[in-house]
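Visitor: Here it is: the structure, laid out below.
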């Protein structure tokens, strides 16, 4: 059984890997990034994090994944707007 926490932490771990792979291409134009498999992987991870934890999770992941101001700016760019996505709520 895959719990939301397992899904969240798996997405975070995968996001770290994808972000590291993108490090050399972080200034690429959006049109280039859209075709980049590492960017698509990072984007999927951001969607999972946003879906499960909302804005606080996206902001926390950005802070935790960023090594410096440059990587923080890149990750904010990659995940722009995701903090606005509705969070899934368990009843």
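Visitor: Give just the number: which of (1) free of Cβ contacts under 8 Å to residues at least 40 places away in the same chain; (2) farther than 20 Å from residue 2 by Cα does residue 13 not satisfy?
Guide: If we test residue 13 against (1) free of Cβ contacts under 8 Å to residues at least 40 places away in the same chain; (2) farther than 20 Å from residue 2 by Cα, just (2) comes out false.
Visitor: Among the residues in region 40-48, are any out of contact with any helix residue (DSSP H, G or I) (no Cβ under 6 Å at 6 or more places or on another chain), without any contact (Cβ under 8 Å) to a residue 12 or more places away in the chain and surrounded by fewer than 13 Cβ atoms within 10 Å (Cβ to Cβ)?
Guide: Checked against the condition, which is being out of contact with any helix residue (DSSP H, G or I) (no Cβ under 6 Å at 6 or more places or on another chain), without any contact (Cβ under 8 Å) to a residue 12 or more places away in the chain and surrounded by fewer than 13 Cβ atoms within 10 Å (Cβ to Cβ), region 40-48 yields no hits at all.
Visitor: Could you check residue 22 against (1) more than 14 Å from residue 77 (Cβ to Cβ); (2) part of a helix (DSSP H, G or I) and say which number it fails?
Guide: (1)
Visitor: So which residues in region 64-84 are in a helix (DSSP H, G or I) and farther than 18 Å from residue 28 by Cβ, if there are any at all?
Guide: Within region 64-84, 64, 65, 69, 82, 83, 84 meet the criteria.
Visitor: Test residue 82 against the stated conditions and say whether it is buried (at least 18 other Cβ atoms within 10 Å of the Cβ) and at pLDDT below 95.
Guide: yes
Visitor: Determine, yes or no, whether residue 34 is surrounded by 14 or more Cβ atoms within 10 Å (Cβ to Cβ) and without any contact (Cβ under 8 Å) to a residue 60 or more places away in the chain.
Guide: Criteria not met by residue 34.
For (1) over 12 Å from the mean Cα position of the chain (by Cα); (2) within 18 Å of residue 17 (Cα to Cα); (3) modelled with pLDDT of 95 or more, each residue gets a yes or a no:
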site	(1), (2), (3)
32	yes, no, yes
43	no, yes, yes
51	no, no, no
60	no, yes, yes
70	yes, yes, no
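The values are calculated or read from the model by the stated rules, or taken from the named source; none is laboratory data. Everything numeric here is computed off the predicted structure, so don't read it as measured data. No Cβ is skipped: glycine too gets one built from the backbone with ideal geometry, and neighbour counts run over all protein chains shown.
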